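Colleague: Below you'll find the structure I mean.
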């Protein structure tokens, strides 16, 4: 999973580097439109278009019958039953392309989340840092300390949470430049990069978590090198502010913008390619 994440992260970072200095919404529009067109193409070649067209025609026929015989409750009931059956068939025939697209789209969304879920920290901001340890190493964590840096100050001593086997610190940001959190363990030094900027709206990749060994953790947080199953650390989290990316006067969540634009692109592209959804 680490290897796949590294490849996809490198590709995504290279793409977003082309938009450096431009409006943050521009690459989101491009990616959403391309994703919608790809979805239409995949749907076209991985589904039984003949069966989907037949299902659509049967559904239209039942809707027309319900309109014509709306005063006949018996006929209305039979038409409604057939309508539900044909709708279920249409969903069933749409399942193969949906399954084909599921994994690539999840990987794409986790990459987009690195750029649009969080905003960078600014000088003067405070952030909460959490380091989670394995259960076996928890008893040795009393002396574990977050090192100071020129870019931030550690404002609190560690707060211990025995239930989660986690340590918490609050840091204050002082300098708008690249920085790393560091802890020294008996056998190794642990670090995690943090993203600091001088402008909240600057579009930067932000990895709020360095994941643990679980595959879902690695899937959802692809930007940082994951800890292994034998490592002392089970994850490191940094609290970032939420990012705002307005588009056409609307401040929708990035994932809602992606969903709307990709669906519109799929519908428009599907009409040109005569795809039956």
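Colleague: Pick out the one residue from 253, 222, 241 that is surrounded by 13 or more Cβ atoms within 10 Å (Cβ to Cβ), under 15 Å from the mean Cα position of the chain (by Cα) and in contact (Cβ under 8 Å) with a residue 60 or more places away in the chain.
Modeller: 222
Colleague: Tell me yes or no: at least one residue of segment 155-167 is under 20 Å from residue 224 (Cα atoms) and outside any loop (DSSP other than H, G, I, E, B).
Modeller: The answer is yes, given that some residue of segment 155-167 is under 20 Å from residue 224 (Cα atoms) and outside any loop (DSSP other than H, G, I, E, B).
Colleague: Within the group 29, 41, 11, which residue is closer than 30 Å to residue 253 by Cα, assigned to a helix (DSSP H, G or I) and in contact with a strand residue (DSSP E or B) (Cβ under 9 Å, 6 or more places away or on another chain)?
Modeller: On the way: 41 fails: in contact with a strand residue (DSSP E or B) (Cβ under 9 Å, 6 or more places away or on another chain); 11 fails: in contact with a strand residue (DSSP E or B) (Cβ under 9 Å, 6 or more places away or on another chain).
Being closer than 30 Å to residue 253 by Cα, assigned to a helix (DSSP H, G or I) and in contact with a strand residue (DSSP E or B) (Cβ under 9 Å, 6 or more places away or on another chain) holds for just one of 29, 41, 11, which is 29.
Colleague: Any idea how many residues of segment 256-277 are surrounded by 14 or more Cβ atoms within 10 Å (Cβ to Cβ) and under 19 Å from the mean Cα position of the chain (by Cα)?
Modeller: Looking only at that region, the number is 7.
Colleague: Kindly check whether there is at least one residue in segment 64-82 that is in the same structural domain as residue 232 (by TED's automatic domain parsing) and assigned to a helix (DSSP H, G or I). Outline the logic, then answer.
Modeller: Taking segment 64-82 as the starting set, the residues that turn out to be in the same structural domain as residue 232 (by TED's automatic domain parsing) are none.
There is no residue in segment 64-82 that is in the same structural domain as residue 232 (by TED's automatic domain parsing) and assigned to a helix (DSSP H, G or I).
Colleague: Now, a different point. Six or more apart or on different chains, Cβ atoms under 7 Å: show the pairs whose first residue is in segment 133-149 and assigned by TED's automatic domain parsing to the domain that holds residue 214 and closer than 24 Å to residue 229 by Cβ and whose second is buried (at least 17 other Cβ atoms within 10 Å of the Cβ) and at pLDDT below 85.
Modeller: Final answer for the pair search is 133/141.
Colleague: May I ask you to verify whether residue 85 is more than 30 Å from residue 245 (Cα to Cα), out of contact with any strand residue (DSSP E or B) (no Cβ under 9 Å at 6 or more places or on another chain), in a helix (DSSP H, G or I) and in contact (Cβ under 8 Å) with a residue 60 or more places away in the chain?
Modeller: no
Colleague: Exactly one condition in (1) under 22 Å from the mean Cα position of the chain (by Cα); (2) within 30 Å of residue 188 (Cα to Cα); (3) loosely packed, with under 13 Cβ neighbours inside 10 Å is not met by residue 114; state its number.
Modeller: Going through (1) under 22 Å from the mean Cα position of the chain (by Cα); (2) within 30 Å of residue 188 (Cα to Cα); (3) loosely packed, with under 13 Cβ neighbours inside 10 Å one by one, residue 114 breaks only (3).
Colleague: Still on this structure: Considering only residues that are within 11 Å of residue 145 (Cα to Cα), surrounded by fewer than 16 Cβ atoms within 10 Å (Cβ to Cβ) and within 27 Å of the chain's Cα centre (by Cα), which ones fall in segment 156-201?
Modeller: Passing the criteria: only 182.
The values are calculated or read from the model by the stated rules, or taken from the named source; none is laboratory data. Because the structure is predicted, anything quoted here is derived from the model rather than measured. Virtual Cβ from ideal backbone geometry, glycine too; neighbours counted across all protein chains shown.
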